[in-house]
Each structure stands twice: as C-alpha cells, then as structure tokens.
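Undergrad: First the structure, which I've put down as structure tokens, then a few questions once you've had a look.
The values are calculated or read from the model by the stated rules, or taken from the named source; none is laboratory data. Just so you know, these numbers come straight off a predicted model, no measurement behind them. Cβ placement follows ideal geometry from the backbone for every residue including glycine, while neighbour counts extend to all protein chains displayed. Surface areas here come from the heavy atoms of the whole protein model, side chains and all, with no ligands, DNA or RNA. Shrake-Rupley method; radii C 1.70, N 1.55, O 1.52, S 1.80 Å.
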Amino acid sequence: VKLTISAGKEYVQLPDVTNRDFTSAKALLEAYTFTVVPLNEYSDVTEEGKVIRTEPESLNMVLKESEVIVYISLGPESKKVTVPSLIGYTKAQAQQLLADAGLAAGKASKVFSDEYASGIVCAQAIPANTLVDEGTKVAFSVSKGSQNAGGDSDTGDSGDAGEGGDGEPVG
C-alpha cells in the first residue's frame, strides 16, 4: 500500500503587470506557469501596447497553471465624424458648424469669387460628407467678392484673422 498525501492545489499571487508592455507581462506570467490569453481593447488612459488590466485581478491568489486574460491597450478609439458643408455660410457660422460636428476650424483663407458675396465661405479643403477623425482641422476659403467689382472689397475687414492669420477660433 502506497499512501500519497497532498497539500492541495497550489495557489500563487498574481503579479501586477499593469502598464507593462505585453511581451514582458506575458513572460512574467508564464514564469508563474499561467496560461496567458491576450485581448485587445481601446483605452484613453493606457498607452498603446501596454497592459490595461488582467482577469483575475492582479495581486489575487490564483491557482497555478490557470488562465489569465491580459487586456492590451489599442490606445484611444478614434471617433469618426462627418464634415459638414460650409459653403454659403459666413466664417463665424462655418466655425460653429465645425465645432458642432466635433471638428476644428483650420486656416480661413480669403479669395476672390465671382460666385459668392464677400464674407461667405466659397470652398473647403475637405469635401462635405467626408468621414474624418473627430478633432480634424478643416481649412476653408472666404470670398473677398468679385475681383472685377472695381474697388478694394476687403476694406474695413482688417481685424479678420482669416487674412494672414491662422483662422483658429479663440478659446
């Protein structure tokens, strides 16, 4: 008769691998004989390629050779938004349309236009209805009126940041 006495299953404390790159986290967990299961997810907080968290949670007592899910950051999820049509609006209206859409106003250039009155947006760098990342800058052109109007159609507009300025909204 042979008698074997077992102390039971062996538990170890799961090391904290949060914010480590996946390769070093995997190596450490495998050294503890855990089976590593990687899962990717977006994170606004954790840098891309770094460990966000584990399941079970770090520092818990876990059965040796058990499975540990490691969540790896893909970085922040970029949200796509639709560029609105700015044509036919004033510069201020165009800037507001962009802000409402989650976009930023880029440079507002002044150009002559026979088709649009002075102060009206006559062109935009990114076409309307294009999907772009939220926060993208959209440059546009504001009409100075017709070049054939016979006079300086830009008079009294010297405070406009659109001419020679970067066209960025303040605030």
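Undergrad: Does residue 89 fit the bill of being more than 26 Å from the chain's Cα centre (by Cα) and of a type in the set (Phe, Trp, Tyr)? Lay out the reasoning, then the answer.
TA: On the way: more than 26 Å from the chain's Cα centre (by Cα): yes; of a type in the set (Phe, Trp, Tyr): yes.
Yes.
Undergrad: Output the number of the condition that residue 75 fails; it satisfies all remaining conditions of (1) open to solvent by less than 50 Å² (accessible area, probe 1.4 Å); (2) at pLDDT below 95; (3) more than 28 Å from the chain's Cα centre (by Cα).
TA: (3)
Undergrad: Filter the range 133-148 down to the residues that are open to solvent by less than 20 Å² (accessible area, probe 1.4 Å) and either assigned to a strand (DSSP E or B) or among the aliphatic types (A, V, I, L, M) (or both) and list them by number. Working first, answer last.
TA: Within the range 133-148, the first condition is being open to solvent by less than 20 Å² (accessible area, probe 1.4 Å), and the residues that meet it are 138, 140, 142-143, 145.
If the condition is that a residue be open to solvent by less than 20 Å² (accessible area, probe 1.4 Å) and either assigned to a strand (DSSP E or B) or among the aliphatic types (A, V, I, L, M) (or both), then 138, 140, 142, 143 are the ones that fit.
Undergrad: Can you tell me which residue is surrounded by the fewest Cβ atoms within 10 Å (Cβ to Cβ) among those in the range 39-52 that are among the charged types (D, E, K, R) and in a strand (DSSP E or B)?
TA: Within the range 39-52, the subset among the charged types (D, E, K, R) is 41, 44, 47-48, 50.
Now drop any that are not in a strand (DSSP E or B), which leaves 41, 50.
Values: 41: 12, 50: 19.
Among those that are among the charged types (D, E, K, R) and in a strand (DSSP E or B), it is 41.
Undergrad: The conditions are (1) modelled with pLDDT of 95 or more; (2) part of a loop (DSSP other than H, G, I, E, B); (3) among the aliphatic types (A, V, I, L, M), and residue 25 fails exactly one of them. Which is it?
TA: Here residue 25 meets the rest and fails (2).
Undergrad: Turning to a different aspect of this structure: Taking the condition closer than 30 Å to residue 97 by Cβ, surrounded by 14 or more Cβ atoms within 10 Å (Cβ to Cβ) and of a type in the set (Val, Ile, Thr), does residue 36 pass?
TA: Details: closer than 30 Å to residue 97 by Cβ: no; surrounded by 14 or more Cβ atoms within 10 Å (Cβ to Cβ): yes; of a type in the set (Val, Ile, Thr): yes.
The answer is no for residue 36.
Undergrad: Just to be sure I understand, how many residues within the range 8-22 are assigned to a loop (DSSP other than H, G, I, E, B) and more than 14 Å from residue 46 (Cβ to Cβ)? Show your work before the answer.
TA: Applying the first criterion (assigned to a loop (DSSP other than H, G, I, E, B)) to the range 8-22 yields 8-10, 14-20.
Checking the rest, the ones that are also more than 14 Å from residue 46 (Cβ to Cβ) come to 8-10, 14-15.
Total satisfying the criteria: 5.
Undergrad: Which one of these does residue 102 not meet: (1) crowded, with 20+ Cβ neighbours inside 10 Å; (2) not in a strand (DSSP E or B)?
TA: (1)
Undergrad: Sticking with this one: Report, by residue number, each residue of the range 78-98 that is surrounded by 13 or more Cβ atoms within 10 Å (Cβ to Cβ), of a type in the set (A, V, I, L, M, F, W, C) and outside any strand (DSSP E or B).
TA: Listed by number, the residues that qualify are 83, 86, 87, 94, 97, 98.
Undergrad: With respect to residue 68, determine if the residue is modelled with pLDDT of 95 or more, surrounded by 12 or more Cβ atoms within 10 Å (Cβ to Cβ) and not hydroxyl-bearing (Ser, Thr, Tyr). Talk me through it step by step, then tell me what you get.
TA: Numbers: modelled with pLDDT of 95 or more: yes; surrounded by 12 or more Cβ atoms within 10 Å (Cβ to Cβ): yes; not hydroxyl-bearing (Ser, Thr, Tyr): yes.
Answer is yes for this residue.
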